[in-house]
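Below are the structure tokens for one structure; questions will follow.
The values are calculated or read from the model by the stated rules, or taken from the named source; none is laboratory data. Predicted, not measured: the structure shown is a model, and the values here were computed from it. Methodologically, a virtual Cβ is constructed for each residue, glycine included, from the backbone with ideal geometry; neighbour enumeration extends over all protein chains shown.
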Amino acid sequence: MSEPFNVAQLVEENARRRGDARALTEPHGAGWRHVTYRELQQRIEREHAALAHAGLRGGDKVSVFVRPSIDWVVLIYALFRLGAQPVLIDPAMGRAGVLRCVERMAPRGFVGIPLACALKLVFPAAFRSVEVSIVHGALPLGGSTLSSLRRASRAVPAPAATRADDAAAVLFTSGSTGPAKGVPYTHGMFRAQVAALQELYAMREGDVDVACFAPFALFGPALGLSTVLPEIDFSHPARAKPENVVRALREQRAVQCFGSPAIWRRVAPWARERGIVLEHLERLMIAGAPVHPPLIEDCLSILGAHGDVHTPYGATESLPVSSMNGRAVLAEHRARTESGWGNCVGRPASSIAARVIRISDEPIEEWNDSLCVQRGEPGELVVKGAQVTREYEQEPAHTAAAKIREGQAVWHRMGDIVREDDAGRLWFVGRKSHRVESASGTLYPVAIENIFNTHRSVRRSALVGIGARGSQEPVLVVELKSVAHASDTLARELLAHGHRNPATRLVTRVLFHESFPVDVRHNAKIDRPELARWAAEQPR
């Protein structure tokens with residue numbers, strides 16, 4: 001049996017130590033509003049009382065459809081304190097995807113804004129398991145409002161007597177590389193994530209963090225940071241207005257920021273054109289898709305001498321796995337990246353065990369050291385550690401495909417193809433499901449794309465396979481920079497450019513696509529399966 005622990009304790013401990021320090025900040029009109037750690041703890045306790053008064057109890061799954069905000073952070077930690085499990089589903093996956101996920105989780109509780117409540121009324125079958133419905137907002141729409149519950153509740157209940165191995169939440173994957181799956185987290189896993197992040201980045205209590213990715217607004221209060229939620233649409237990061245991100249960074253004197261590559265592809269050029277330098281920003285963390293040297297270069301151009309870009313690597317099932325700093329990428333690894341070795345994502349965190357195993361699409365029941373490949377050989381990355389999840393919620397087939405048992409421990413198959421260099425650094429070359437298997441050999445998309453992306457006309461490229469695996473035709477789909485124009489001449493020039501490297505010799509066809517489809521969460525991962533379908537329809 002594991003030791004008593006509830007992740008909400010981390011906020012309570014920070015409230016005792018740092019009561020008057022700012023915990024959370026968000027836009028309010030033309031200015032900002034803040035809550036201190038003491039106020040945050042008090043609000044969490046009141047929210048716990050309100051949720052209990054509504055009839056929620058420990059062990060309940062609770063679907064949460066509230067926009068990221070101070071209120072949202074309070075609600076999530078109140079559910080932790082109650083011992084309930086918030087179920088977090090990305091609304092960007094669309095109505096049908098959201099409804100499928102809700103129905104599969106069968107939550108007993110529901111807390112949502114009026115728009116989400118309307119969805120619940122229109123599609124009652126997906127929410128038929130819900131017994132306690134709470135509205136976050138002004139309209140009742142068939143449930144109690146949180147504000148009325150706060151007024152009606154009285155005594156604050158004691159925190160739930162949870163243990164580190166008890167279920168804490170269900171977080172859904174984005175569905176960008178397969179069906180969205182529920183990932184169960186325990187209280188202990190959250191604690192391990194917090195500890196690993198603190199160690200990797202040497203975060204200091206009181207550091208100001210601008211969270212451009214909503215889950216990082218949850219980590220901040222546990223780490224003792226002063227967390228700022230900028231004025232952006234968290235469900236559509238590619239639409240972020242650069243001026244709003246820069247305003248948060250400058251006015252709040254941010255020390256660190258986490259966001260998608262889609263955000264920084266907009267912010268960095270905007271800031272550079274205006275001569276803006278973010279002198280206080282020490283750690284600019286970019287994740288959600290491969291981060292290539294040109295973007296690192298752009299971002300470093302708007303940081304001060306003490307700032308650096310960091311590229312955390314991981315997944316919903318295991319975060320963080322490793323991290324790499326941008327100055328080292330440019331100074332030491334760029335040439336290797338652009339010659340086809342992949343993207344360096346750094347050495348595994350000290351809390352993670354990592355191995356590279358033979359590529360296979362079949363389940364592996366039991367761990368065996370003979371699964372591992374030789375150093376330098378591409379293979380699937382598997383990881384084990386306190387922050388690694390053990391299963392998918394109610395998904396035995398997906399669990400069997402992604403987990404390898406080793407006694408009481410579990411290795412998670414990341415679904416990523418990597419190679420390990422002589423210094424123990426991992427190099428990402430592509431998703432396992434995206435590899436292209438032709439009759440003449442296997443190609444790994446990111447490694448090949450990095451070679452073609454060095455051409456002056458290419459904004460980005462995507463290697464896809466047409467046909468049955470084992471006899472696929474490798475096709476390079478190219479999104480051009482605005483100044484370039486698609487033509488047969490340019491296609492031949494791109495092939496000649498790439499073929500200087502023998503690794504690209506199997507690529508003999510180029511197609512041009514105006515704007516790549518991307519994932520719904522980070523708006524940065526290229527949707528290669530969709531591009532492959534499109535490429536198969538193009539005339540030869």
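If the requirement is being free of Cβ contacts under 8 Å to residues at least 60 places away in the same chain and within 23 Å of the chain's Cα centre (by Cα), which of these qualifies: THR186, THR173? It would help to see each step written out before you state the result.
Working: THR173 fails: free of Cβ contacts under 8 Å to residues at least 60 places away in the same chain.
Result of the check over THR186, THR173: THR186.
Out of the range 58-95, which residues are of a type in the set (Asp, Glu) and over 25 Å from ALA164 (Cβ atoms)?
Looking only at the range 58-95, we keep the residues that are of a type in the set (Asp, Glu), and these are 60, 71, 90.
Selection gives ASP71, ASP90.
Looking at the range 177-188, which of its residues are surrounded by 21 or more Cβ atoms within 10 Å (Cβ to Cβ) and not in a loop (DSSP other than H, G, I, E, B)?
Matches in the range 177-188: GLY182, VAL183, TYR185, THR186, HIS187.
Answer yes or no: is there a residue in the range 381-401 that is on the phi < 0 side of the Ramachandran plot, of a type in the set (S, T, N, Q) and in contact with a Ser or Thr (Cβ under 9 Å, 6 or more places away or on another chain).
For the range 381-401, residues on the phi < 0 side of the Ramachandran plot, of a type in the set (S, T, N, Q) and in contact with a Ser or Thr (Cβ under 9 Å, 6 or more places away or on another chain): present.
Turning to a different aspect of this structure: So which residues in the range 4-40 are of a type in the set (A, V, I, L, M) and at pLDDT 95 or above?
Scanning the range 4-40 gives VAL7, ALA8, LEU10, VAL11, ALA15, ALA21, ALA23, LEU24, VAL35, LEU40.
Can you give me the ranges of the helices (runs of 4 or more DSSP H) entirely in the range 217-326 with at least 1 residues that are closer than 29 Å to SER350 by Cα? I'd like the intermediate steps shown before the answer.
Working: elements: 242-251, 261-273, 293-300.
Hits in the range 217-326: 261-273, 293-300.
Can GLU449 be described as within 30 Å of ARG347 (Cβ to Cβ) and modelled with pLDDT of 95 or more? Break it down stepwise before answering.
Working: within 30 Å of ARG347 (Cβ to Cβ): yes; modelled with pLDDT of 95 or more: yes.
Yes, satisfied.
Going residue by residue through the range 83-103, is there one that turns out to be over 21 Å from HIS522 (Cα atoms), modelled with pLDDT of 95 or more, in contact with a Gly (Cβ under 7 Å, 6 or more places away or on another chain) and surrounded by fewer than 20 Cβ atoms within 10 Å (Cβ to Cβ)?
no
Still on this model: Every residue in the range 394-418 that is in contact with a helix residue (DSSP H, G or I) (Cβ under 7 Å, 6 or more places away or on another chain), closer than 20 Å to ASP166 by Cα and at pLDDT 95 or above, please.
HIS412
Return only the number of the condition from (1) buried (at least 20 other Cβ atoms within 10 Å of the Cβ); (2) under 20 Å from ALA315 (Cα atoms) that GLU199 does not satisfy.
Failing condition for GLU199: (1).
Name the single residue that is farthest from MET285 (Cα to Cα) among those in the range 194-248 being of a type in the set (Gly, Ala, Ser) and within 17 Å of the chain's Cα centre (by Cα). Even if it seems obvious, please write down each step before you answer.
Taking the range 194-248 as the starting set, the residues that turn out to be of a type in the set (Gly, Ala, Ser) are 195-196, 202, 206, 211, 214, 217, 220, 222, 224, 226, 235, 238, 240, 248.
Going one step further and asking which of them are within 17 Å of the chain's Cα centre (by Cα), we end up with 196, 211, 214, 217, 220, 235, 238, 240.
Values: ALA196: 15, ALA211: 10, ALA214: 14, ALA217: 14, GLY220: 14, SER235: 18, ALA238: 16, ALA240: 16 Å.
Checking each candidate, the answer is SER235.
Let me ask another. Any idea which residue in the range 352-389 is nearest to THR173 (Cα to Cα), counting only those that are in contact (Cβ under 8 Å) with a residue 60 or more places away in the chain and not aliphatic (A, V, I, L, M)?
If we take residues in the range 352-389 being in contact (Cβ under 8 Å) with a residue 60 or more places away in the chain and not aliphatic (A, V, I, L, M), then THR389 is nearest to THR173 (Cα to Cα).
Within the range 432-442, is there a residue that is modelled with pLDDT of 95 or more and on the phi > 0 side of the Ramachandran plot?
Yes: one or more hits.
Select from the range 301-341 the residues that are of a type in the set (A, V, I, L, M) and surrounded by fewer than 19 Cβ atoms within 10 Å (Cβ to Cβ) and list them in ascending order.
Applying the first criterion (of a type in the set (A, V, I, L, M)) to the range 301-341 yields 302-303, 305, 309, 315, 319, 321, 324, 328-331, 335.
If the condition is that a residue be of a type in the set (A, V, I, L, M) and surrounded by fewer than 19 Cβ atoms within 10 Å (Cβ to Cβ), then ALA305, ALA328, LEU330, ALA331, ALA335 are the ones that fit.
I need every pair where a residue in the range 142-168 that is buried (at least 18 other Cβ atoms within 10 Å of the Cβ) has its Cβ under 6 Å from the Cβ of a residue that is acidic (Asp, Glu), sequence separation at least 6 or different chains.
Within 6 Å, the pairs are ALA164/GLU3.
I would also like to ask the following. What do you reckon, is ARG81 touching a residue at least 12 places away in the same chain (Cβ under 8 Å) and within 23 Å of MET189 (Cα to Cα)?
In short, yes.
Right, another one. Taking helices (runs of 4 or more DSSP H) that fall entirely within the range 443-540, which contain at least 2 residues that are surrounded by fewer than 22 Cβ atoms within 10 Å (Cβ to Cβ) and out of contact with any Leu (no Cβ under 9 Å at 6 or more places or on another chain)?
By residue number, 488-498, 528-536.
Now for a different question. List pairs: first residue in the range 520-540 and aromatic (Phe, Trp, Tyr), second residue at pLDDT 95 or above and surrounded by 14 or more Cβ atoms within 10 Å (Cβ to Cβ) anywhere in the structure, Cβ distance under 9 angstrom, at least six positions apart or on different chains.
Partner pairs satisfying both residue conditions: TRP534/VAL464; TRP534/VAL477; TRP534/LEU511; TRP534/HIS513; TRP534/PRO517.
Give all pairs with beta carbons closer than 6 Å in which a residue from the range 190-206 that is within 12 Å of ALA222 (Cα to Cα) meets a residue that is buried (at least 21 other Cβ atoms within 10 Å of the Cβ) and of a type in the set (Val, Ile, Thr); count only pairs at least 6 apart in sequence or on separate chains.
Every condition considered, the pairs that remain are PHE190/VAL7.
Looking only at the range 494-519, count how many residues are over 32 Å from the mean Cα position of the chain (by Cα) and in contact (Cβ under 8 Å) with a residue 12 or more places away in the chain.
Total satisfying the criteria: 7.
Here is a yes/no grid of residues against (1) touching a helix residue (DSSP H, G or I) at 6+ places or on another chain (Cβ under 8 Å); (2) modelled with pLDDT under 95; (3) closer than 16 Å to ASN450 by Cβ:
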position: GLU479; (1), (2), (3): no, no, yes
position: SER482; (1), (2), (3): no, yes, no
position: LEU494; (1), (2), (3): yes, no, yes
position: HIS522; (1), (2), (3): yes, yes, no
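Within the range 345-381, can you find the residues that are surrounded by 20 or more Cβ atoms within 10 Å (Cβ to Cβ) and more than 22 Å from SER433 (Cβ to Cβ)?
Across the range 345-381, the qualifying residues are GLY346, PRO348, ALA349, ILE352.
Go through the range 214-269 and report how many residues are within 18 Å of THR311 (Cα to Cα) and touching a Gly at 6+ places or on another chain (Cβ under 6 Å).
1
Kindly provide the set of residues from the range 117-140 that are surrounded by 14 or more Cβ atoms within 10 Å (Cβ to Cβ), of a type in the set (A, V, I, L, M, F, W, C) and more than 23 Å from ALA49 (Cβ to Cβ), ordered by number.
ALA118, LEU119, PHE123, ALA126, PHE127
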